[in-house]
Amino acid sequence: MRPSRTHSVWAIVLFFIVAASVAWAAFVPERVTTGTGSGIPDGIDPAGDRNNSYAWCMEVLPQTDGDYLYVGSNRNLAYFIYGGSNMSSEEIENLSLNYLDGDLPYEQPGATDFRAKIFRYKLDGTQPWEEVYQSPTLSVSGDVTLGRESGFRGMETFSPVGQDPSLFVVTFNQGSPNPVCRVLRIRPDFGPGDTPEEVYTESTDTLRGITTHDGKLFIGTNGNRGITPAVWCAEDPVSQDSWTPVLYPSDIGRNSVGVWDLISYKGSLYVFAGTRVYKGRYVGSGDPAANPETGWVWETVVGSGASQDAKYPTGLGNPRIAAMSPFLFSTGGEDYVYVTTFANMPVALAYLAAALNGSVSADVAFSQFFARLDPAQVYRFDENDDWEMIIGDLKNNVYPTSDDWGSLEGTQVFDSRLGNYGAGFFNPSLLQQLQGDDTNLSFNQYTWWMDTYNGKLYCTTFDYRIFTRYIRERTSDPEVIARLDMIDQNNTNPQGFDLYATTDGINWDPVTQDGFGDPYNYGGRTLKSTPEGLFVGTANPFWGAQVWKVTETAEGSGGGGGCSSAGLVPLGLFLLAPLFGLARKK
């Protein structure tokens, strides 16, 4: 029997759907740390160490015997987030959180040793992971040991003039009554048992921003009182005396500037301080517009209100954004800075936990939860400092009508979104739309890290859905259960961080949406592109951080790197429904 024209059309549709699904094979994830499976200790340590919560920073250092991937960890970060570092050893052992009853979810490791570690891995895979440095002991109280550092937060490979590249590491130190952070230098001949050189110290609990600009190394600090520099630079960082000030808070009319991140772009240095962005360039001390001490001139790009001294309002009009980070990507012949965002999730989660322990009703808990839910966005800007929304929800970005930053009323900052996803890489399902509900149900509260690999831009997320699973497993309240089931019905993104890719900087496709099959991998904390593949360091405070390597074995289809089948297959089955109807009428 000759096939009808209708059947031929649907056969073509089916062919393209199947062809699209084959594109998934373009990405091959491989776990390169020694843990196996989910719920098994990893922590980058070959022996397994659940206390190494995050692969917090990652960088490649060329050495005499080959290139090595260095990874800095933090220790038991969840305890610092919830105040555990200020508790006695007995209280740490019996920790009861403000937000969750009982122990930390899924029996996190008992936090007793807070000395951060650095690991390395030979890129060609010929040598196993090795621990090369542990922060020295600062104090011991009972069974609790505090280190000089509780985490290594950033890394940058930098070549001083006429020298081979060294690895510079900025540190994190919470838990100490008088915290001091350092910049450490690891030279190319570094090995296990060696001690990094201390080239800078600062009385603060964290150093974070570090980058290379104009042949110098720059670091960001928590400058305060308008007189302590927030940004320093050095051409040859060998000691404390090597550094010169670049930015004082008073240069931009602030009393304090807590630097979150830095990036060099089009001849200027951009400073990301929480939800504000400043742009600086060196013009020399003779320029009347410059600080005579530093020779730098600064302007506010994203700052307070839509005033004349700032092109965009603080947080781009979204008061719930806590911080932003920048990354370079070239597309369409243009160089852009892509910007990820970070939102504080514990308060939102606290309300769900309050429903778990019965302190508030389910109605109050979920209404407050959704009022505070703020899935992450992705923006970009060009050399003219013109910003565009790539991933996000327009209604959350407005110029406020007053100084009340708690209000989301005002003139829109952006009149369109370029990308194919709403905030948190979420689009309401057809079922949700039919219910008249446009609530963004994404649990991706950070777009955490980006890097470019094989011409594609990759972006990771922090997905805290593992905590709602914890609540669901422990509640007997039918109303809480019903509401959580509703979320599951309308948001099928599972527990575990997401990794997305794009070739054009606008249309994105998922590489993984379940933390590479591990729900405890709630964040893709770091990415590092190398000739051997794209390395992904995870945030996993339950069983320890992991490192994965993503490679491409074939050319994928679709605008975002070959994973477009995730959206096409369900749509295709929906479109094929009429064909099934025709078959039944025969």
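We did not get these values from a lab; they are worked out from the coordinates using the rules stated. Keep in mind the model is a prediction, meaning the values are calculated, not measured. No Cβ is skipped: glycine too gets one built from the backbone with ideal geometry, and neighbour counts run over all protein chains shown.
Computed values, structure above
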{"quantity": "Inter-site label distance for Thr411 and Thr137 at 7 Å from Cα along Cβ, in nm", "calculated": "6.2"}
{"quantity": "Extension gain, Asp287 back to Thr145 (0.36 nm per residue minus Cα-Cα distance, nm)", "calculated": "46.0 nm"}
{"quantity": "Length gained when the stretch Thr195-Ser304 is fully extended (0.36 nm per residue, less Cα-Cα span)", "calculated": "34.9 nm"}
{"quantity": "Qualifying lysines (Cα of each under 25 Å from Cα of Lys311; at least 8 residues distant if same chain)", "calculated": "Lys266, Lys279, Lys395"}
{"quantity": "The range 225-359, relative contact order [Cα under 8 Å, separation at least 6], %", "calculated": "15"}
{"quantity": "Descending principal axes extents, the range 317-553, alpha-carbon based, whole Å", "calculated": "54, 46, 33"}
{"quantity": "Cross-link partners of Lys456 among lysines (Cα-Cα below 19 Å; sequence separation of 8 or more within a chain)", "calculated": "Lys528, Lys549"}
{"quantity": "Net charge of neighbours whose Cβ lies under 12 Å from the Cβ of Asp393, counting Lys and Arg as +1 and Asp and Glu as -1", "calculated": "+1"}
{"quantity": "Chain lengthening between Val364 and Thr492 when straightened (0.36 nm per residue, less Cα-Cα)", "calculated": "43.7 nm"}
